[in-house]
Amino acid sequence: MGTSRSQGRNSASTLAAALVLLVLVDCALAATVNVGGSSGWTLGYNYKTWASTAKVRPYDSLFFKYDPRLHNAMVVSKADYDSCKTTSPWAKHASGKDYIKFTKSGTYYIICGVGTHCKAGMKVAVTVKW
Ligand SMILES: [Cu+2]
């Protein structure tokens, strides 16, 4: 009886170790996802369609490539995404080569805060999940 209990513990800790290893390997394999594919972050691109097929996992980097004189990338709340409100972003990126990483599953909202670009469709809702 004692033996089988201890075996149970051992296989449980082996399983735990395997899961930790799996997560570590997954993190090490984190990918870079080009937002907008080869078009990058720009006006006149359908980010809804792009996002519907994009595979983004926690720890992946979303890469926003654009001319920093023309655009930026703001991480905002869903409400601000819906209304294109640019005055209270959670984070503002403006290098033109921005890597944005989310470590938790969820839907994240990024808009361009320049002029009326967001209203023109320069906004993306990205679902991050394993
Ligand atoms: Cu813009």
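Just so you know, all these numbers are worked out from the coordinates, no wet-lab data involved. Here the structure is a predicted model, which means the values were calculated and not measured. Note that each Cβ is placed from the backbone with ideal geometry, even for glycine, and that neighbours are counted across all protein chains shown.
Observations, loosely collected:
- Evaluated over the stretch 65-114, the Cα radius of gyration and Dmax, each in Å: 10.8, 32
- Net +/- balance of residues flanking Val75 in space, Cβ distance below 12 Å, scoring K and R +1, D and E -1: +2
- The stretch 44-86 and the stretch 98-130: distance between their alpha carbon centers, rounded to Å: 3 Å
- Using a cutoff of 8 angstrom between alpha carbon atoms and counting only pairs six or more residues apart, the relative contact order for the stretch 31-128 works out to 35 percent.
- Cross-link reach list, lysines versus Lys104, counting only Cα pairs under 18 Å and skipping chain neighbours closer than eight places: Lys55, Lys78, Lys129
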